[in-house]
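Scroll down for the structure; my scribbles are underneath it.
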Ligand code: FPP
C-alpha cells in the first residue's frame, strides 16, 4: 500500500470524534483457515494501534463498535471468547491507557454483560476517569434503536412526573442518549467492504462523513486511518446549505 504521509494531514481540520465499525475479523480468520476468535485476537492489536495513533494525532473521542445487541445470536463459543478477550485486553492495556492519558468509557446496556466483563470495564473506567487526552469509548451491547427507545421511555416518564417540560429540542433529546456530552462524530469508518450503519449511532451520525474501506479490521493500520482522515478533509461539509452559501 502507498504510505500516507502524516504531514499531509491538516492538524487544523481534524475530526474531534471518529467512530469505527470494526468489521471483517471473521473473514480474515477464515481466509487463514483459522477459527473466528483468531481474527478477533488480531483485531485487538488493531484496536491498540488505532487508539495510539488517534491519541498521537490529537483526536479527542474514538468510539469503537465492539459488540452490538444483535451479536448475542452468534455461536456461544464466539460470544464467550469475545467477552473473555475483552476482560483480558482491558487488564493488559490498563497501564497503557493510564500512561497515554486515555480515558476509557463505554456505551450500551452494560448490565447484561457477564459479571467479569462488567467488573473489568468498571475498573478500567474508574482508574482512567481523570485522563483528558482522548476518550476511548467502547460500544458494548449497544444499538441505536435500544438507546433511542430507552431515551423515549425516560422522556415519557420525566414528562409524566413533571421533571421535564415539553417540547424538547434536539440538544435536550441528545442529553437522554448514552453519548450525552460527547460531540457527534464527524467521521465514521467501516472496514471490510460492507456499506451499512448496522444500528450504530443513528441519531449522532446525522451529518457524519462516511469512509468505507475493503480492508478487514485485523489488516487496518494507522496508514489506513490517515487515509480516512485525508478523505474526510477533502469533503465539503455543507450541513444542508449550498456550496455558494458556504463561501460567504
Ligand atoms: C466484527 O468482525 C468484529 C466484532 C463484532 C468484534 C470486534 C471485537 C474486537 C476487535 C475485539 C475486542 C475489542 C476490544 C475493544 C478490546 P466480524 O466477526 O463481524 O467479521 P466478519 O464480518 O468477517 O464475520
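The values are calculated or read from the model by the stated rules, or taken from the named source; none is laboratory data. Just so it is clear, the model here is predicted, and its values are computed rather than measured. FYI the Cβ positions are ideal-geometry reconstructions off the backbone, even for glycines, and counts take in every protein chain you see.
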Original post:
Any idea which of 14, 6 is crowded, with 18+ Cβ neighbours inside 10 Å and more than 8 Å from the ligand (Cβ to nearest atom)?
Top reply: 14
Original post:
Filter region 208-235 for residues that are at pLDDT 95 or above, part of a loop (DSSP other than H, G, I, E, B) and out of contact with any strand residue (DSSP E or B) (no Cβ under 6 Å at 6 or more places or on another chain); which is farthest from residue 148 (Cα to Cα)?
Top reply: 221
**OP:** Assess whether residue 103 counts as being in a strand (DSSP E or B), within 29 Å of residue 175 (Cα to Cα) and more than 14 Å from the ligand (Cβ to nearest atom).
**Re:** yes
**OP:** List the number of the failed condition for residue 66; all other conditions in (1) part of a helix (DSSP H, G or I); (2) out of contact with any helix residue (DSSP H, G or I) (no Cβ under 6 Å at 6 or more places or on another chain) hold.
**Re:** (1)
Original post:
Of these, 117, 179, 129, which one is within 27 Å of residue 87 (Cβ to Cβ), in contact with a strand residue (DSSP E or B) (Cβ under 9 Å, 6 or more places away or on another chain) and touching a residue at least 40 places away in the same chain (Cβ under 8 Å)?
Top reply: 179
Subject >> Residue that is farthest from residue 99 (Cα to Cα) [pool: residues in region 42-53 that are near the ligand (Cβ under 8 Å from one of its atoms) and free of Cβ contacts under 8 Å to residues at least 60 places away in the same chain] >> reply: 44
**OP:** Quick one: residue 244 ticks every box in (1) at pLDDT 95 or above; (2) out of contact with any helix residue (DSSP H, G or I) (no Cβ under 7 Å at 6 or more places or on another chain); (3) assigned to a helix (DSSP H, G or I) except a single one, so which number is it?
**Re:** (1)
Subject >> Index of the failed condition, residue 168 passing every other in (1) more than 19 Å from residue 140 (Cα to Cα); (2) surrounded by 14 or more Cβ atoms within 10 Å (Cβ to Cβ); (3) in contact (Cβ under 8 Å) with a residue 60 or more places away in the chain >> reply: (3)
Subject >> Filter result (closer than 24 Å to residue 129 by Cβ, surrounded by 15 or more Cβ atoms within 10 Å (Cβ to Cβ) and within 9 Å of the ligand (Cβ to nearest atom)) within region 59-98 >> reply: 64, 65, 66, 67, 85, 86, 89, 90, 93
Original post:
Which condition number does residue 196 fail, the rest of (1) within 24 Å of residue 42 (Cβ to Cβ); (2) outside any strand (DSSP E or B); (3) within 14 Å of the chain's Cα centre (by Cα) being met?
Top reply: (3)
Original post:
With respect to residue 56, is the statement that it is within 23 Å of residue 222 (Cβ to Cβ), more than 15 Å from the ligand (Cβ to nearest atom), assigned to a helix (DSSP H, G or I) and out of contact with any strand residue (DSSP E or B) (no Cβ under 7 Å at 6 or more places or on another chain) true?
Top reply: yes
**OP:** Give the residues of region 211-223 that are without any contact (Cβ under 8 Å) to a residue 24 or more places away in the chain and either away from the ligand (no atom under 16 Å from the Cβ) or under 16 Å from the mean Cα position of the chain (by Cα) (or both), sorted by residue number.
**Re:** 212
**OP:** Within region 84-94, identify whether any single residue is under 18 Å from residue 21 (Cα atoms), in contact with a helix residue (DSSP H, G or I) (Cβ under 8 Å, 6 or more places away or on another chain) and not in a helix (DSSP H, G or I), and answer yes or no.
**Re:** no
Subject >> Among (1) surrounded by fewer than 18 Cβ atoms within 10 Å (Cβ to Cβ); (2) free of Cβ contacts under 8 Å to residues at least 40 places away in the same chain; (3) under 16 Å from residue 192 (Cα atoms); (4) within 11 Å of the ligand (Cβ to nearest atom), the one test that residue 32 misses >> reply: (4)
